[in-house]
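Here the structure is laid out as structure tokens; the discussion comes afterwards.
The values are calculated or read from the model by the stated rules, or taken from the named source; none is laboratory data. Note that the coordinates shown come from a computational prediction; the quantities given were computed from them, not determined experimentally. Cβ placement follows ideal geometry from the backbone for every residue including glycine, while neighbour counts extend to all protein chains displayed. Remember, those area values only see protein heavy atoms, side chains included, never the ligands or the DNA or RNA. Shrake-Rupley method; radii C 1.70, N 1.55, O 1.52, S 1.80 Å.
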Amino acid sequence: MNSIQDIWNGILEILSGKLTPVTIKTWFEDCAPVDLKDGTLVIHTSTDFKRGILQSRFEGEIKEALREMFSCDFELLILAGDEVYEEPPAANSLPEMEGYTFDNFIVGKCNEFAYAAAQGVVKTPGNKVYNPLFIYGNSGLGKTHLLCAIGTAIHEARPDARIAFVKGDDFTNEMVRSIKEGTADEFRKKYRGVDLFLVDDIQFIAGKESTQEEFFHTFNSIYEAGHQIVITSDRPPIDMLRLDDRLRTRFEGGMMADVQPPDVETRMAIIRNKAGHLGMQLSDDIVAYIAQKITSNVRQIEGVINRLTAFREITGDEITREMVDEAISTVIRDGVYVPTPETILKETARYYQVSEEDIKGVSRQKNIVTSRHITAYLIRNLTNLPLSGIGEYLNRDHATVLASIRKVEGSIKTDKELAATIRDITSNINSRQ
Ligand code: ADP
Ligand code: MG
């Protein structure tokens, strides 16, 4: 890597091709480079007046020169007089990763490659072989778990490492909000400056143009700085049809690792492990029975075991096959995971950036009304709750709920945007417990 002075000399050289020697001498002679990090070049000049001129007349050209040298965008920060550079605070979001470690991840044929790649990242973060690491596979197969295990392990090894964890759709929401609130600069700095960038469920940014654009620059500044990026997705880049080609190329440029549904031995190991964590010992027969019934999704296995602990508290008895059947029927319907109304409300509110109280309340604001209709529609479609129950949950009578559901059913046929939104929210719901 070039020294900061080399980089500055490079910039001056490019500028001398465009500006007169007098201009360079007047405005750049007492300029000195301070730092180039996290997508920002920091320079220093003697006075406030000169800084003003540099900003108004030359900022564009300096950034242009940087782009020429690194083929990615940089921010410029100019200090003057006795100002000193303070590093921006670390982005820290570790609470979200709690409980996900390599230790409590069961390895089988289905995930051993992804597991090894994740450990490779921890050993040498930023190594081009694994950068980015792109983990893909169906819902409930441990992608988020591995992503967070990487975060947890790197945090342990290097407590000062700046780690950012973000979900694809939260990245979008945050970006949109920052533009609205005029804080786009802070938003940029927050992610461009990290040592480890963990992005969960990237599929949500596909098709969203300005988000993809911003993500592309974020990706580049982190990558160019030699820092590590790990991404998860429910499908490989080639199947993300609305993904920007530039991003597809980047995603495919590192290591791709898939996670597959666990085979029966792995399922049994997971069942024993999860039950053990909850202080529950299951007989071999029951372990095998659950493993035979739930084949494609670890989240569902967990759901069933959680249900079983509730039975055990009530009956105090040994777990029987009947209890397993009962637990399965509350967690899975037609082979699909049944979410709770709370999860549906929460995910819909999160998607629309409104509060859960708003949805249950009386506001007629457009996006609150839409999110209310969608919540009713999704509870109806994803759970077994009757209309009256949905009404009670959303503080409405059953005719109002029915009207909401009909409205969504009607619009969804012609409104592609709405149909896509509902698919996204459903997918979010399915990736929650
Ligand atoms: P995904 O992100 O692929 O949808 P998650 O990582 O959220 O799936 O996994 C769903 C649940 O199953 C989590 O609670 C996770 O801890 C658990 N899980 C998934 N795979 C494994 C595994 N191999 N060993 C232990 N737990 C697992
Ligand atoms: Mg996930």
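Figures for the structure shown
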{"item": "Residue in the range 274-313 that is nearest to Asn430 (Cα to Cα), counting only those that are of a type in the set (D, E, K, R) and within 16 Å of ligand 1 (Cβ to nearest atom)", "result": "Arg299"}
{"item": "Residue match in the range 204-222 (condition: closer than 30 Å to Ile301 by Cα, within 16 Å of ligand 1 (Cβ to nearest atom) and not in a loop (DSSP other than H, G, I, E, B))", "result": "yes"}
{"item": "Among (1) under 30 Å from Ser296 (Cα atoms); (2) open to solvent by 20 Å² or more (accessible area, probe 1.4 Å), the one test that Thr348 misses", "result": "(2)"}
{"item": "In the range 51-87, the residues that are among the small types (Gly, Ala, Ser) and either in a loop (DSSP other than H, G, I, E, B) or in contact (Cβ under 8 Å) with a residue 60 or more places away in the chain (or both)", "result": "Ser71, Gly81"}
{"item": "Qualifying helices (runs of 4 or more DSSP H) (wholly inside the range 280-399; at least 2 residues being more than 23 Å from Glu265 (Cα to Cα) and among the hydrophobic types (A, V, I, L, M, F, W, C))", "result": "298-315, 341-352, 366-382, 387-393"}
{"item": "Residue in the range 224-236 that is open to solvent by 60 Å² or more (accessible area, probe 1.4 Å), more than 16 Å from ligand 2 (Cβ to nearest atom) and in contact (Cβ under 8 Å) with a residue 12 or more places away in the chain present", "result": "yes"}
{"item": "Selected residue (only one of Gly108, Gly10, Gly99 is in a loop (DSSP other than H, G, I, E, B), among the small types (Gly, Ala, Ser) and either surrounded by 13 or more Cβ atoms within 10 Å (Cβ to Cβ) or touching a strand residue (DSSP E or B) at 6+ places or on another chain (Cβ under 7 Å) (or both))", "result": "Gly108"}
{"item": "Filter result for the condition that a residue is among the aliphatic types (A, V, I, L, M) and under 27 Å from the mean Cα position of the chain (by Cα), over Ala399, Ala419, Ala327", "result": "Ala419"}
{"item": "Residue in the range 264-277 that is under 30 Å from Ser210 (Cα atoms), of a type in the set (A, V, I, L, M) and open to solvent by 10 Å² or more (accessible area, probe 1.4 Å) present", "result": "no"}
{"item": "Extreme residue, modelled with the highest pLDDT, among residues of the range 288-322 that are surrounded by fewer than 19 Cβ atoms within 10 Å (Cβ to Cβ) and among the hydrophobic types (A, V, I, L, M, F, W, C)", "result": "Ala288"}
{"item": "Count of residues meeting criterion [touching a Gly at 6+ places or on another chain (Cβ under 6 Å), charged (D, E, K, R) and surrounded by 14 or more Cβ atoms within 10 Å (Cβ to Cβ)] in the range 391-407", "result": "0"}
{"item": "Filter result for Leu76 (at pLDDT below 95 and touching a Leu at 6+ places or on another chain (Cβ under 9 Å))", "result": "yes"}
{"item": "Residue tally, condition among the small types (Gly, Ala, Ser), open to solvent by less than 10 Å² (accessible area, probe 1.4 Å) and within 14 Å of ligand 1 (Cβ to nearest atom), over the range 141-194", "result": "3"}
{"item": "Sole exception among (1) under 30 Å from Glu174 (Cα atoms); (2) at pLDDT below 95 for Leu378, by number", "result": "(2)"}
{"item": "Selection count, the range 246-263, where residues are open to solvent by 60 Å² or more (accessible area, probe 1.4 Å) and assigned to a helix (DSSP H, G or I)", "result": "4"}
{"item": "Inter-residue pairs, beta-carbon under 9 Å, first farther than 16 Å from Thr375 by Cβ and open to solvent by less than 100 Å² (accessible area, probe 1.4 Å) and in the range 408-419, second part of a helix (DSSP H, G or I) and of a type in the set (Gly, Ala, Ser), 6+ apart", "result": "Ala419/Ser411"}
{"item": "Qualifying positions in the range 136-155 - more than 9 Å from ligand 2 (Cβ to nearest atom) and in a helix (DSSP H, G or I)", "result": "Leu146, Cys148, Ala149, Ile150, Gly151, Thr152, Ala153, Ile154, His155"}
{"item": "Answer residue from the range 261-271, given it is within 11 Å of ligand 1 (Cβ to nearest atom) and of a type outside the set (Ser, Thr, Tyr) and is nearest to the chain's Cα centre (by Cα) among those", "result": "Pro261"}
{"item": "Residue among Asn127, Asn131 that alone is over 30 Å from Ser296 (Cβ atoms) and open to solvent by less than 10 Å² (accessible area, probe 1.4 Å)", "result": "Asn131"}
{"item": "Residue match in the range 368-377 (condition: touching a residue at least 40 places away in the same chain (Cβ under 8 Å) and buried (at least 21 other Cβ atoms within 10 Å of the Cβ))", "result": "yes"}
{"item": "Answer residue from the range 323-345, given it is open to solvent by 60 Å² or more (accessible area, probe 1.4 Å) and of a type in the set (Val, Ile, Thr) and is nearest to Ile379 (Cα to Cα) among those", "result": "Thr340"}
